[in-house]
Structure formats: C-alpha cells, structure tokens
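Taking it in order: structure first as structure tokens, then the write-up.
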Amino acid sequence: MKPPIPKDEAERLEALRGYQILDTPPEQTFDDLTQLAAFIVNAPIALISLIDADRQWFKSKVGVEATETPRELAFCAYAVAQKELLVVPDATKDQRFAHNPLVTSDPNIRFYAGMPLTNAEGHALGTLCVVDRVPRELTPEQEQALRVLARQVMTQIELRGALAKQTRLLVEQSEARDALTRAHATLAAVLAAATQVAIVGTNSEGIITVFNTGAEKMYGYTAAEMIGKQSPQILHVGAEVKARGEELSRQVGHPVNGFGVFVEYARRGQLDDQEWTYVRKDGTRFTGILAVTPLRDERGRMGGFLGIVKDITEIKDYMQHLEEARRVEQQTASRLSLLVVELEQAKQRAEDATRAKSEFLANMSHEIRTPMNAILGMTELALDTKLPPQQRAYLRTAKDAANSLLGLINDILDFSKVEAKKLELDRIGFSLRHLLVDTLKVLAVRAQQRSLGLAVHVRSGVPDGLVGDPARLGRILVNLVGNAVKFTEKGEVVVHARVESQEEEQVILHFAVTDTGIGIPGEKLEHIFEAFAQADSSTTRKYGGTGLGLAITRQLVDLMGGRIWVESLPSQGSTFHFTALFGVDKTRVSPKSVRPSRAAAISQQKSRRSLHILVVEDNPVNQELTVHLLERRGHRTAVADNGHEALRAVERQSFDLVLMDLQMPEMGGLEATQLIREQEKETGKHLPVVAMTAHAMQSDRERCLAAGMDAYLAKPFEAKDLFETVEKTGSSAAGGKIAGDKSVVREAGRGELEPTPARPAAYKDVACSDDELNQDTLVARVGGDAKFLRKLANAFLSDAPKRMSQIRRALARRDWEALAGAAHSLKGAVGNFGAAQVVGMAKALEARARAEDLAGAREAGVALDVALSAFSEDLRRVTAAGRKKRKS
C-alpha cells in the first residue's frame, strides 16, 4: 500500500529544498538529537528522515547503515501526510505496513514512532522517528519527548537555512564596499522572523550589530538597547566566562579572555557549539547552546561574527525527569520479578489441579464405555430378532442415540488422555496413500449426500512408506475433513499433502484440508482450537458438535511433533494446515520408483494411436509447453490463438481432438465449442473437445460440459494428466465424455492410487504447485527435457513483462475485462512452473478486476508485480544453474 500524498506536496517540497539540507554531510548537532531520541525511547534505531519526491533521505541515523529508502516504503511518509505523531505498535498487524519489505525482511521493523518536522508555514519536511524490532508502546512522557526533540531538530534546520541564506547574501553583495554593513542589515531583516532562536551579530571588536526578534524574546532586551551599545558578554555569567577562558588558554597556548572566549574557534575557521548559562534582563537564567560562525568581506577579511542560541532548558529538565522515571522503573521491575515468582507458583498449582481433573475425567469416561458397549451390543442383538415395526423403530432410535453418546465419550476420553499425559503414539510402518484413500472412504457417503466434490492430492516427492501412528493421523484427517464436509453447503473439499522438510531417516509432511464452506470470522480464528469452542454458538444449533474435535486434533498434532493453523474468510471457505513428523520406511516401495520396463514402454507406445490435435491457446508459454509435450508423445499438432482461428482451422482440415482454452481474446473457448457443435448438427460428426483452464471449480466443469465439451483439464497440468485425458478422449470414435468419471482418486504427476470402484462420492484431481523452484521438479514438469525447459523459461521471461504491461494499462484505464483477462492469462502461464504464491496473487488480481474494486486491484497489481519480478529472477537462476550443472 502506497503512502498518501500531502495536500501541500508542491509547497512542502519547495520548502524542503529551500533549506539546502538534502545530501549534506553528517553534523554533530543533528546526531546528538538522534542519539538522544534513541536513548529516551530506549530504541535500537533512530532517524532524522526528510521526505523528498521519491525517496526518504536520512540526515542523521542511529542503528542503520542505509542513507535512504524509496518513499513508497517509508513509514515516515505516512507521518508527514497526517502531520501528527504516528505510532505503529506492531507493523505486522497494520494493513498499511504488514507486507512492507522493511517489515518482512531486514531490518524487520515491528514498532515505529515518528514526529513530523513542521516549519513555521505548516509544511512537514520529514520526521524524527524511532524504530524497534519488537512490538511495543510509548509512554506519554516518551511521546512528549519526541515532540520536544522534533522541535529542536526543526530549529537546527531553520538555523542551517538561515545561515545558508545569510552566506548567499554575503556572496551576492561581495563586490560592494559596504558589504559587511548591508549584510548586517539584510541579516537583521531575514532573521527577524526566526522567533525560536536568538541570533546575535557583532563586529570584529564584539559590539552587537544584529539582535533579532528571537533574541529580544529570549533575553528581554530590545534591539535598540543592544545594537551598537553592548557586547554579548552582558548576557553571560562572568564566572562561567572566566572559567572557559582559562580552559581555552591552556588549549591554545595563549591568553583568551573577554569577548575572545566566544569567538576563539570561529577565528580559526572552526564551528564552536558550546553550552552556556544566560542571564535575562530581569535576572532570571536559562541554559542555551551557542553556535558561532565568522562573517567575512569580499576579500576574505573577517568583519564580524554571527552567534545563534537555542534555549535547551526544556530538554535538560526533561532529562532529569527521565532519570527519575528510570529509577522508578527499576524499582517496579524488582517488584514485578517477585510477582512473576508468585505467578509461577500459582501456575504450577493450577496445572496440578488440571492434571488431577483430567485423570478423573479419563477414568470416568473409561468406566462409562463399558456399560455403553453393553447397551449397543444388546440393542444390536435385539434388532436381529423378529420385532413389531414400532418396537424396531424404538430400538433403532435408541441405538443411534447410544452411538452419538459413545462418540462424545470417545472425544472426552481422548481429550482427557492427552491432557493427563496418558496418550502414547504408536510407531508402526504404514502406507500414506492407502491411509488417505481409506480415510476418505469413511466420509465419501456424507460428501455425496451433500453433493460435494471430495479429492486428495499428494505432491510429487512425498514418500509412501512412513513410520508413525496411522490411527491418530487418520483421526486428525477425519476430524478436519469431517468438519469441512459439515460446514460446506456446496463446492468441494480437497486434502493436500507435500513434503515440508526431509532428512535421511525422517520427514516432516505438510497437510492442508481446503473447503468452500461458510468460513470463520477473523476474530474467532485464534480461539478455534480451544476445547469446547466453536466460531459461533449458532453453529452448534445448526450443525451440531461439542467443540472438542479441533482441540483433540491440535493435541494430537502436538504429540506428532507438528503444528496446526487455519486460514479462512467468512463465506469464502477455510484451509486447515498441519504438519507432522514421521519416520521413513525404506522397505516400502514408493509409487514414484515403480516404472514400466523398456519393453513394456515400447509396446505401449506402438499400441497408442497418433492423434492430430488442434491446440487453441492464446498464451505463448502455454502453447509452447502443450505442443512440446504432445509432439514428444508422438502426436501431431496445430495451433490457434483464439476461437475464431479455431473455427477456421476446423473448417480447413480434419482433427482427432481439440484442446480448447476457455478464456481468450476475440472469442473464448465456450463460444467456439458451441459453434462447433452447431455445425456438427448438419454434418452428423463429432469432434472431441477438451477444455483447458486455470479455473478448477466444480461449477467450471459443469459449464464446460454444458457447452458441449467432452472432458476437462485444469491448468497447470502435468504431462501424465494431459496424455491420459487426450488419449482417452481422442481414442473414442464418438468422443465419449470422461469429465464425469470420478471413480478413481489421482495425484498429479504420480499415477493412480488404489482404485475404489463404485465410490459413492465425487473424486477429482486438483492442481497444486511447489512453493520453491527446483531444477529437477521443473524438468519433470516438461517430461524430462532440460533443453526444452530453458526454451519454455525464456518464452515465459519474454512474455511475462508484456502481460504486466497489459495489466498496468488496463488498470490505468479501469478496463476491468482486459485486466481480468491479462491476470488470468498470466496465472495460467506462471502456473506451468509451480509458483503457487504468484499464481495466488494473479488469481487475487483477477478477482478484484471482476469485482471492479479499484483500490484492491491497485494493491494486488503492485504485489503481483513485485512477486513476479522475484519469481522471474529465481527462474533465471534455476535454469542457469541447471545449464552449468550439465556442462560440468
């Protein structure tokens, strides 16, 4: 999200550049104030930041090496826009900054506080800010300190500006004999408006020649009383001046006294910042910092001195209050440490009580199961006898109620066992794929009753032979998939499995259960895994349940060395993720290692009929990949860029099958297929058409079949899926439909799992991609042809910038149809390489475009642009590394 632009941006930038402070070397005065800010707030990073048109430049910095950052990433740009103190307690929870690279990577900003540096005209030039890497808050005293210090910084900037203006005036008037006199007059006029500092000019003998309005306010004297009549010594404490003179005399090796004490360094061409005690006309005193610089004529001769004084009494008083606050804080910390010990003891007593409660609950639940089993058994025996219809109905109702009660008791028993630390995991060998199929069989009937799609997707590389507790893993999956089916009215439920990390003897698997159900409100997500908790009490009334299922699931996942979390949006579905640690059973053969013999492969290739296939696809990357895979398989191909070209091609020559993309310019795949079917009413022929699209919902399949298509292929697809769909569809003389055939659970890129004939629920493949690029995985996606992978990657890298240009133009014109089309096309192209994150961002942009959400589309477009650039660099790196590896 880009920061807002202030309404006075043009005037603000003009004022900033007028101070001539940008890109200047470090200055001790500013560095002292920055260090003071870091010390007061106890922060590792403090900055004096000036916001230019397109960057944030640091005049002073503590704790960072960088000198500037892009303005679009600057927290300070928000503070400048609102012109008030901006405090961000935790950047990861603030939608303005959560995805900022300065938050997601080094320096990992979590806390930020910035006070605008506002000049007399009300223009915010930048900020004095403090940054921490942990979330936190400021005390009211610290906030006030930042405001005070920011005023001091602005004063120093004004001083620099005043000095710069004075220097320019002196240079411009250098040819005039009375340059010094006019310079003093001009200085008095210019500095009259500088009311926050005292500016006093003198001639070389020390007689005051300039006494500005700020000096009159600070000291109580009028300019008339001082100019030409007094020396600045009248404003100082005599004993302090004498002591400073003695110190200077020892340093320089000759006597220094009187007015010379103030200008000794200036005579040497050095800037002297010195703290003094000043005496007002009414006798009261204050502490100020004096900076003295020499004034020279056109020949370089010193004609006088200019002194600038800032009252720092407020800062010194605050430092004393701060020191007192630190002492109080240390005392409070001591008391808190004692309180922590007491709380720890109370916590231990509470845990002991909880453990005793859980042990009692476990024992009671176990005792209840014995009579419950007897009730169920005797009821079952009674139902096997001859009974009148009314008595049989009563017994069936009693049996159903007993089963429900037994399920509740089992939940309570498992929950109490885990809490009482009595539940132990088995470690036996088992087949992951068999377990997944058997687990989903249990829920298939329930899914069919709700007309839901139910699918399992095991990522390439997941070992099949595992060592662990299959019963508890099955329980976790049944709980999560059962919940997904329960809370999903329409759509699908998909189980994903992939490798999180793997070593020689063990593997951490990442499972995800995704549904298209009612979703969970954001404020309920952190409580969803608590015992007896549900997202909304109304869910218990509508869907049933005790709220123990997810609590037990979380405990089982913890026992299996993993973690569980959920991502969800209301009315948009949920995804429950969990990881688990397993041993690797090397005695079991993974499906990936089972390969047909060479003779069998040759026999299969000879028996397979070569097809003439028309590929209708507007994306050059997808064209290149599809044609390459088909021709390598032995099929012949032709290419059309849209529906119009497809119709002309079908009229000119004969094809065995058409691979038809759905979303294309000029004419899409659905309309083209409908026109082909209209023409076939006259010819009596049937040309099989297979849909290709990045949309993978059940409704998309149904639209394709309704338009007359014979099969459906979700992008990105793997070679196995392409060949199976094309050859099964093309081999039928009538182009028999296969999209409705869901009797087999498949995993993309690995062949079939165990067939489950007459399965009552609908199963289907769901595309899934690796999050990280891997040379071997990419080569496998294109059938093992590394040379073609480089060609395909180069085509993508050439096409992707064009797609992003289309996206930017469409966004600028608010052409929602063009924007959605470009995002959809890019989604399909990048999906060929995996890149789940980039695919998701393209999908989000497409959704924003279809909703005509301008703000959301802009934000999604920026995120996609950044992610696509990073992915393109990774793709170049991976393919280049693969080329070097083969050469070596």
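The values are calculated or read from the model by the stated rules, or taken from the named source; none is laboratory data. Keep in mind it's a predicted model, so treat the numbers as computed, not measured. For neighbour counting, all protein chains shown are included, and Cβ atoms are generated from backbone atoms with ideal geometry for every residue, glycine included. Quick note on the areas: whole protein, heavy atoms, side chains included, nothing else; ligands and nucleic acids left out. Shrake-Rupley method; radii C 1.70, N 1.55, O 1.52, S 1.80 Å.
Details
- Note on segment 783-859: dipole from Cβ charges, positive end direction compared against ASN794, GLY834, GLN806; the farthest Cα belongs to ASN794.
- Rounded to whole Hz, the Karplus (6.51, -1.76, 1.60) HN-Hα couplings of segment 196-207, x for glycine and proline: 8, 10, 9, 10, 10, x, 9, 7, 5, 8, x, 7
- Listed peptides 845-854, 497-506, 124-133 by packing density, highest first (mean Cβ within 10 Å): 124-133, 845-854, 497-506
- In order through segment 473-489: 3J(HN,Hα) via Karplus (6.51 cos²θ - 1.76 cosθ + 1.60), integer Hz, x for Gly, Pro: 4, x, 4, 4, 5, 4, 4, 6, 5, x, 4, 4, 5, 4, 9, 10, 7
- A cut-off of 5 Å between modelled amide H atoms, ignoring neighbours fewer than 5 places along the same chain, links ILE312 with THR287, GLY288, ILE289.
- Sparse packing (at most 16 other Cβ atoms within 10 Å of the Cβ) combined with a DSSP loop state is found for the following trypsin sites (Lys or Arg not before Pro) in segment 263-293: ARG268, ARG280, LYS281.
- Built amide H within the under 5 Å cut-off of LEU117, gap 5+: LEU125, GLY126, THR127, LEU128
- Most to least accessible of GLU727, GLU651 (protein chains only, probe 1.4 Å): GLU651, GLU727
- Loop-located GluC sites (Glu not before Pro) in segment 49-125 (DSSP state other than H, G, I, E, B) with a sparse environment of at most 15 neighbouring Cβ atoms within 10 Å: GLU65, GLU84, GLU121.
- Pairs from LYS93/LYS827; LYS2/LYS93; LYS524/LYS715; LYS242/LYS310; LYS217/LYS316; LYS728/LYS843 whose Cα-Cα separation, in the structure shown, is over 26 Å: LYS93/LYS827; LYS524/LYS715; LYS728/LYS843
- Local net charge near THR222, Cβ-Cβ under 15 Å (Lys/Arg +1, Asp/Glu -1): +1
- Per-residue accessible area (protein heavy atoms, 1.4 Å probe) orders ASP661, ASP785 as ASP785, ASP661, starting from the largest.
- For peptides 233-240, 820-827, sequence by mean Cβ density within 10 Å, most packed first: 820-827, 233-240
- Per-peptide packing, taken as the mean over residues of other Cβ atoms within 10 Å, places 575-586, 245-256 in the sequence 575-586, 245-256 from highest down.
- Accessible surface of THR92 - all protein chains present, 1.4 Å probe, nearest 10 Å²: 60
- Accessible surface, per residue, of segment 204-251 when the full set of protein chains is kept, probe 1.4 Å, Å²: 49
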